[in-house]
């Protein structure tokens, strides 16, 4: 490169790396509009009508790297027309299908500050105060969970909250990595050093199983456990078939079956890495009997992990806290900040009761996370990480316990109301009662409901299969229309001979979702059902019902 | 809760979830200032002088959950005074110590848009167009890496870029998860189904090693490999001691030692999960002889992974691309977007040459990432993930290949200049020549340099240890002063009898770092050294040098 050309390049880059005057009007305008009126911006720019995936893909087929730079305003225009317009209105009060919801307005400028500072929390040299801030956030949530257990008092937290050698938990991108981290710790603690064996972290699984005399390693959870547990069993080398699925009673783990399966596993010389309780199942929002599980885990000296990715914030509520009784006995707990702490996606945490637990996965290197340092990267599965803890810190302070309590109480209350609306209608069936703020239901025309009452198992199965088709089609049609959104899932319904059925699933976490919105969602589903029932789905359902008579 | 109280709560939450009029002046003011003049904002608000960690921690000791809400303006004030002020000025042109650098100004409003949309890329139902956009970003970078290999042409990319069943790569939070994902895939492909064995993903490592007749599983990399590989070997159940460290010649892998160690491992019936080449080592920025490694990997049918977290973007440069020759033969490549793609922390990718490679880690569930869906979560280690691909998409389009080429060329050019500045000074020693835009050096007073020339290995070791102390203290003093920042690391120096020495490490990625800034950094180090040399460090060094005469 000639000297002159290099100078010109540098000047160009200087402009790109520093804010230019008045040049970026398109992007700046979007920025300002979002700050001023986010809800309006989203309503105005997100097109609701769903495009077929193949159409969505059309603008993203080019694999050649763009050769020349383009103006920021060009890219802003593209993003507005092709990306913002075709994104999902997750903040809409009528989008109650998933766990990604609206976020408080102050999170957005905070997110910009976070990115402007661009700290990297892997080590204190690139994160400075973000290190103790993250530790504090972990400490506060640790205390939310364990603060009612004996000895988890001021003195305990003063000692551990900013400790250099141990940690009360780790921050990560979300619940999957949190669950994986908890099982990683549990696995490494089960296969601890013994004799010549230096521990699984150093010597690997094979050597560990030999040293401890295990033929298998398993993790146990109810059938409603999150899919990340299977993935974790794969990653950690246990194998997915070694995630032992325990039966459920009303979507909560069956403690008798659990005891039975523990005995079975012990008999085949399996090491039980962890017993996982779920506080708020992803599909139905149920909470396992955590106290009973804790007792069984203690009896058998098994690591007890609670997946509270969704439900742990229920502890904010004086009224509903009791639903999670027993969580304070867990060895580790997963909690997602991007769910019921209302922080943007991706922020999760794995908390550990014993401040020494994370020692089993400690790592160090020469240039960073040196031994004895305060570097958070010593204990995290991830390396470089953004300062998302700042957003959680702000949520905890701006909303306070009472603010989060309101959100929890409102959500659970609303789920109860919605359940009543469903039950009092003649053409909807509540398929799972809400325990937290989730429920499932389906549309069942009156004649199908009557037929189901009289049908034997085989005939009922055919009706339920037809209803599952109907539910799937209603959900897809509703999603395509794009004004409201509920999700769907599929599991065995005890009230229908344990037949696997597709059901609507709703998550009532957006405080702006009103009773009226819920009524409109049911109305839309009813109308869609009527239309669909005049087609092949209706034909199949009527035939299945007719066969009963 | 009474009806009236519930109404009041709802009203309060409505305010928190929608932008209030004129209430949040403090936060809005910060937001505006960042948009208008980011560099000025950071200069003005970040206090340079380093606080002792214990002082930093003082404001973050409280473990009790705040009970009552606070005003957003209160929290904004706290963040400005206690967090922004005490964060690291990663964007400063004088902070050349780590891989976290300045980012182009347009990334900030984009980041806010991303958070405002709050998409979750785990499944298309919560990410819609973000799904094909992410696939495109992966496709473009895949082509950057593999586009020069035979058959990786338009036709190939048209077929695979938006494929529903397979993927060219995965997006993740950063290089560590990318390396872990690549080794996870490699491990699962090595222990593929065979006879009764359903594959490691299903049956676990133990069964896999039995089925394939391996006594150990190992990964091989040069001594300069990133620490995330050790962590991955722990997580994946291989054990850290099964990360086989191959010797280096001038900080690049020694192919003869590699061949020797492969034979050794085969002789002990070890399955070789992967051979890892490094394209830009974290400590010195050297590139392994990738072509030679690829040939050896092919000969032994070993998965060849290239950790290009730092160096892969060198491919943008016509001038320097050749340094990475052979990368197009890799089975998988890690690239970090939050490094040389200049996106905020955390965005990384693992790319796979074979579109079927990721099948070995595919997961599905009932309510999301259903089989046959377009859901990106099918292949990712993480679950919920933000739409960071939007920022990468924008970087690729706004800067274009030519923009990134300028950044690469400037950085490598500047490293060459800085190396000359160091070499032409009488009191600094260039400890590693830059190949990319990293180099290491140290301060060596003239008398120590003379003594080292005459010293035998033992005497030289003592002098080098004293110099290491000096280097460490200079680095800490410089960091504490907070105006400039270089990092330090420690490794064996071939030119000093392979004695492990502490050295300064610089990363020249910020285009705003000028020759003048580099001169000032050396001046500051020289002054600090003079001051320190009059103390105990100087005493130790002089004594070690005197012993030579």
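With the checklist (1) at pLDDT 95 or above; (2) not in a loop (DSSP other than H, G, I, E, B) in hand, flag the one item residue A:377 doesn't pass.
Single failed check for residue A:377: (1).
Pick from B:468, B:424, B:394, B:384: which is within 23 Å of residue B:487 (Cα to Cα) and within 14 Å of another protein chain (Cβ to nearest Cβ)?
B:468
Can you tell me which of (1) closer than 17 Å to residue A:95 by Cα; (2) in contact (Cβ under 8 Å) with a residue 60 or more places away in the chain; (3) out of contact with any strand residue (DSSP E or B) (no Cβ under 6 Å at 6 or more places or on another chain) is the one residue A:542 doesn't meet?
(1)
Yes/no per residue for (1) closer than 21 Å to residue B:113 by Cβ; (2) outside the structural domain of residue A:483 (by TED's automatic domain parsing); (3) within 34 Å of the chain's Cα centre (by Cα):
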{"site": "A:28", "(1), (2), (3)": "yes, yes, yes"}
{"site": "A:35", "(1), (2), (3)": "yes, yes, yes"}
{"site": "A:44", "(1), (2), (3)": "yes, yes, yes"}
{"site": "A:54", "(1), (2), (3)": "no, yes, yes"}
{"site": "A:61", "(1), (2), (3)": "no, yes, yes"}
{"site": "A:74", "(1), (2), (3)": "yes, yes, no"}
{"site": "A:97", "(1), (2), (3)": "no, yes, yes"}
{"site": "A:101", "(1), (2), (3)": "yes, yes, yes"}
{"site": "A:111", "(1), (2), (3)": "yes, yes, yes"}
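Hey, residue B:448 hits all of (1) within 30 Å of residue B:52 (Cβ to Cβ); (2) surrounded by 17 or more Cβ atoms within 10 Å (Cβ to Cβ); (3) touching a residue at least 60 places away in the same chain (Cβ under 8 Å); (4) over 25 Å from the mean Cα position of the chain (by Cα) but one; which does it fall short on?
Only one criterion is unmet by residue B:448, namely (1).
Considering only residues that are in contact (Cβ under 8 Å) with a residue 60 or more places away in the chain and over 30 Å from the mean Cα position of the chain (by Cα), which ones fall in the range A:453-487?
The answer is A:454, A:455, A:459, A:462, A:463, A:466.
Please note which helices (runs of 4 or more DSSP H) are completely contained in the range B:205-294 and include at least 3 residues that are under 19 Å from residue B:188 (Cα atoms).
Numbers: elements: B:205-212, B:227-235, B:255-267.
In the range B:205-294, B:205-212, B:227-235 are the helices (runs of 4 or more DSSP H) which contain 3 or more residues that are under 19 Å from residue B:188 (Cα atoms).
Just name the residue that is farthest from residue B:392 (Cα to Cα) out of those in the range B:136-154 that are within 7 Å of chain A (Cβ to nearest Cβ) and out of contact with any strand residue (DSSP E or B) (no Cβ under 9 Å at 6 or more places or on another chain).
Step by step, filter the range B:136-154, then rank; the result is B:143.
Of the residues that sit in the range B:45-61 and are more than 7 Å from every other protein chain (Cβ to nearest Cβ) and modelled with pLDDT of 90 or more, which one is farthest from residue A:402 (Cα to Cα)? Don't jump to the end; show me each part of the working.
Going residue by residue through the range B:45-61, those that are more than 7 Å from every other protein chain (Cβ to nearest Cβ) are B:45-52, B:54-55, B:58-59.
Filter once more, so that each one left must be modelled with pLDDT of 90 or more: B:45, B:58-59.
Values: B:45: 32, B:58: 25, B:59: 22 Å.
Going through the qualifying residues, I end up with B:45.
Can you tell me which residue is surrounded by the most Cβ atoms within 10 Å (Cβ to Cβ) among those in the range B:44-60 that are in contact (Cβ under 8 Å) with a residue 12 or more places away in the chain and either in contact with a strand residue (DSSP E or B) (Cβ under 7 Å, 6 or more places away or on another chain) or in a helix (DSSP H, G or I) (or both)?
B:56
With A:213, A:204, A:199 as the choices, which residue is over 23 Å from the mean Cα position of the chain (by Cα), more than 9 Å from chain B (Cβ to nearest Cβ) and at pLDDT 95 or above? Walk me through it before giving the result.
Details: A:204 fails: more than 9 Å from chain B (Cβ to nearest Cβ); A:199 fails: more than 9 Å from chain B (Cβ to nearest Cβ).
The unique qualifying residue is A:213.
This table checks each residue for (1) in contact with a helix residue (DSSP H, G or I) (Cβ under 6 Å, 6 or more places away or on another chain); (2) part of a loop (DSSP other than H, G, I, E, B).
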{"site": "A:473", "(1), (2)": "yes, no"}
{"site": "A:490", "(1), (2)": "no, no"}
{"site": "A:511", "(1), (2)": "yes, yes"}
{"site": "A:540", "(1), (2)": "yes, no"}
{"site": "A:548", "(1), (2)": "yes, yes"}
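Select from the range A:155-170 the residues that are under 26 Å from the mean Cα position of the chain (by Cα) and within 11 Å of chain B (Cβ to nearest Cβ) and write down the one among them that is nearest to residue A:329 (Cα to Cα).
Pass one, the range A:155-170, residues under 26 Å from the mean Cα position of the chain (by Cα): A:161, A:167-170.
Next, from what is left, pick out any that are within 11 Å of chain B (Cβ to nearest Cβ): A:161, A:168.
On the way: A:161: 19, A:168: 15 Å.
Taking the candidates together, the pick is A:168.
Taking residue B:158 as the residue in question, decide whether it is closer than 23 Å to residue B:316 by Cα, touching a helix residue (DSSP H, G or I) at 6+ places or on another chain (Cβ under 7 Å) and without any contact (Cβ under 8 Å) to a residue 24 or more places away in the chain.
no
If we only count helices (runs of 4 or more DSSP H) wholly inside the range B:63-174, which ones have 2 or more residues that are within 30 Å of residue B:437 (Cα to Cα) and modelled with pLDDT of 95 or more?
The helices (runs of 4 or more DSSP H) meeting that bar are B:130-146.
Being within 30 Å of residue B:116 (Cβ to Cβ) and at the interface with chain B (Cβ under 9 Å from one of its Cβ atoms) is the requirement here; does residue A:338 meet it? Working first, answer last.
Details: within 30 Å of residue B:116 (Cβ to Cβ): yes; at the interface with chain B (Cβ under 9 Å from one of its Cβ atoms): yes.
In short, yes.
If you take the residues in the range A:360-374 that are under 15 Å from residue A:171 (Cα atoms) and modelled with pLDDT of 90 or more, which one is nearest to the other protein chains (Cβ to nearest Cβ)?
Step one: list which residues in the range A:360-374 are under 15 Å from residue A:171 (Cα atoms), which gives A:361-362, A:374.
Within this subset, residues satisfying the condition of being modelled with pLDDT of 90 or more are A:361-362.
Numbers: A:361: 7, A:362: 10 Å.
Step by step, filter the range A:360-374, then rank; the result is A:361.
Looking at the range B:391-415, which of the residues that are in contact with a strand residue (DSSP E or B) (Cβ under 9 Å, 6 or more places away or on another chain) and within 13 Å of residue B:285 (Cα to Cα) is surrounded by the most Cβ atoms within 10 Å (Cβ to Cβ)?
Out of the qualifying residues, it is B:411.
Yes or no: the range B:110-133 includes at least one residue that is surrounded by 23 or more Cβ atoms within 10 Å (Cβ to Cβ), touching a helix residue (DSSP H, G or I) at 6+ places or on another chain (Cβ under 9 Å), closer than 23 Å to residue B:308 by Cα and in contact (Cβ under 8 Å) with a residue 60 or more places away in the chain.
yes
Being crowded, with 22+ Cβ neighbours inside 10 Å, more than 9 Å from chain B (Cβ to nearest Cβ) and at pLDDT 95 or above narrows it down to one residue among A:177, A:218; which is it?
The match here is A:218.
Take the conditions within 12 Å of chain A (Cβ to nearest Cβ), under 19 Å from the mean Cα position of the chain (by Cα) and at pLDDT 95 or above and apply them to residue B:349. Does it pass?
On the way: within 12 Å of chain A (Cβ to nearest Cβ): no; under 19 Å from the mean Cα position of the chain (by Cα): yes; at pLDDT 95 or above: yes.
It is false that residue B:349 is within 12 Å of chain A (Cβ to nearest Cβ), under 19 Å from the mean Cα position of the chain (by Cα) and at pLDDT 95 or above.
Among the residues of the range A:80-106, write down those that are more than 7 Å from chain B (Cβ to nearest Cβ), buried (at least 24 other Cβ atoms within 10 Å of the Cβ) and either out of contact with any strand residue (DSSP E or B) (no Cβ under 7 Å at 6 or more places or on another chain) or without any contact (Cβ under 8 Å) to a residue 24 or more places away in the chain (or both).
A:101, the sole residue that qualifies.
Out of B:74, B:67, B:33, I need the residue that is touching a helix residue (DSSP H, G or I) at 6+ places or on another chain (Cβ under 6 Å) and either in contact (Cβ under 8 Å) with a residue 24 or more places away in the chain or at the interface with chain A (Cβ under 9 Å from one of its Cβ atoms) (or both). Which one? Even if it seems obvious, please write down each step before you answer.
Numbers: B:74 fails: touching a helix residue (DSSP H, G or I) at 6+ places or on another chain (Cβ under 6 Å); B:33 fails: either in contact (Cβ under 8 Å) with a residue 24 or more places away in the chain or at the interface with chain A (Cβ under 9 Å from one of its Cβ atoms) (or both).
Unique residue meeting the criteria: B:67.
Checking residue A:418 against (1) within 18 Å of residue B:65 (Cα to Cα); (2) touching a residue at least 24 places away in the same chain (Cβ under 8 Å); (3) assigned to a helix (DSSP H, G or I): exactly one of these is not met. Which one?
Here residue A:418 clears every test but (1).
The values are calculated or read from the model by the stated rules, or taken from the named source; none is laboratory data. Remember, it's a predicted structure, so these values are computed and weren't measured experimentally. Positions of Cβ are backbone-derived with ideal geometry, glycine not excepted, and every protein chain shown enters the neighbour counts.
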